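Inspection log for the structure reproduced underneath, given as structure tokens.
Coordinate-derived values only; no laboratory data. These figures come from a predicted structure and were not determined experimentally. Because the Cβ atoms are built from the backbone with ideal geometry, glycine has one as well, and the counts that use them run over all protein chains shown.
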Amino acid sequence: MLRPVFRAGDTYAIDPDIGREDALAYWCGADHGTFLAGEDGTPLGSYYLKTNQPGGGAHVCNCGFVTAPAARGKGVARAMLDHALTTARAAGFRAMQFNFVVATNTRAIDTWTRAGFATVGRLPGAFRHPQKGYVDALVMYRRL
């Protein structure tokens, strides 16, 4: 699931040529929990949940989401987000923040907005999209 998303280079600020071990270390890092969504033994998506910043920012969490190509548009990201929000609350987080949502990733933006996230910042031209050039990145935030 990670390979096609990272290789496309249009939603994550990760080297599209990242190797398998480095990609897994990024996604399944020791500093966060990683979750897998599936149906009948078929993986449909994955997300991680971690502290956004240490110390005084440790009450805010951060997540990253990927959906298997065949599962896109079927509500998997929304279901994972619901799970993440519940899991974050249970872990004692007071808010969730997405630090770098690529402005051309309208599916994610629509999903996060419908779930009550507000765009609290815009980073002009912060992401170099492989087809569209320099595009904005958004900071999205929601209290839990």
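Using a/c under 1.5 as the rounded threshold, could you call region 1-65 rounded, prolate or oblate? The axes a ≥ b ≥ c are square roots of the C-alpha gyration tensor eigenvalues, and prolate needs a/b larger than b/c, oblate otherwise.
oblate
Whole-Hz ³J(HN,Hα) for each residue in region 37-54, computed from phi via Karplus 6.51 cos²θ - 1.76 cosθ + 1.60 with θ = phi - 60°, x for glycine and proline: what do you get?
Karplus-based 3J(HN,Hα) across region 37-54 equals 9, x, 8, 6, x, 9, x, 10, x, 8, 8, 10, 9, 8, 5, 5, 9, x Hz.
Report the local net charge at ARG114: Lys and Arg +1, Asp and Glu -1, summed over other residues whose C-beta lies under 14 Å from its C-beta.
Overall, the nearby charge balance is +1.
Once you order the gyration tensor axes a ≥ b ≥ c over the Cα atoms, which shape class does region 48-114 get: rounded for a/c under 1.5, otherwise prolate or oblate by comparing a/b with b/c?
Because a/c hits 1.5 or more and a/b exceeds b/c, region 48-114 counts as prolate.
Among the chymotrypsin sites (Phe, Trp or Tyr not before Pro) in region 40-86, which ones are in a DSSP loop with at most 14 other Cβ atoms within 10 Å of the Cβ? Mind listing them?
On the way: sites: TYR47, TYR48, PHE65; in loops: none.
Passing both the DSSP loop test and the Cβ count: no residue.
³J(HN,Hα) across region 82-99 via Karplus (A = 6.51, B = -1.76, C = 1.60, θ = phi - 60°), whole Hz, x for Gly/Pro?
Taking θ as phi minus 60°, the curve returns 4, 5, 4, 4, 5, 5, 5, 4, 4, 7, x, 5, 9, 7, 10, 9, 9, 7 Hz for region 82-99.
Tell me, which longest segment in the chain has none of the trypsin sites (Lys or Arg not before Pro) that fall in DSSP loops with at most 14 further Cβ atoms within 10 Å? Each step should come with its number before you reach the end.
Values: sites that count: ARG72, LYS74, ARG94, LYS132.
By the stated rule (loop sites, at most 14 other Cβ atoms within 10 Å), 1-71.
Could you tell me which residue out of THR67, PRO43, GLY55 lies farthest along the dipole of region 7-144 toward its positive end? Charges go on the beta carbon: Lys and Arg +1, Asp and Glu -1, centred on the Cα centre.
Positive-most Cα among the choices belongs to GLY55.
So what's the gap between the Cα centers of region 76-144 and region 1-40, to the nearest angstrom?
16 Å
Short version: ³J(HN,Hα) in whole Hz for each residue of region 13-20, in order, from phi by Karplus 6.51 cos²θ - 1.76 cosθ + 1.60 (θ = phi - 60°), x for Gly and Pro, what are they?
The phi angles translate into 7, 10, 4, x, 9, 3, x, 4 Hz.
How big is the charge dipole of the chain about its Cα centre, in debye rounded to the nearest 20, if each Lys and Arg gets +1 on its Cβ and each Asp and Glu gets -1 on its Cβ?
On the way: 16 positive and 11 negative charges, 96 e Å.
The dipole magnitude comes to about 460 debye.
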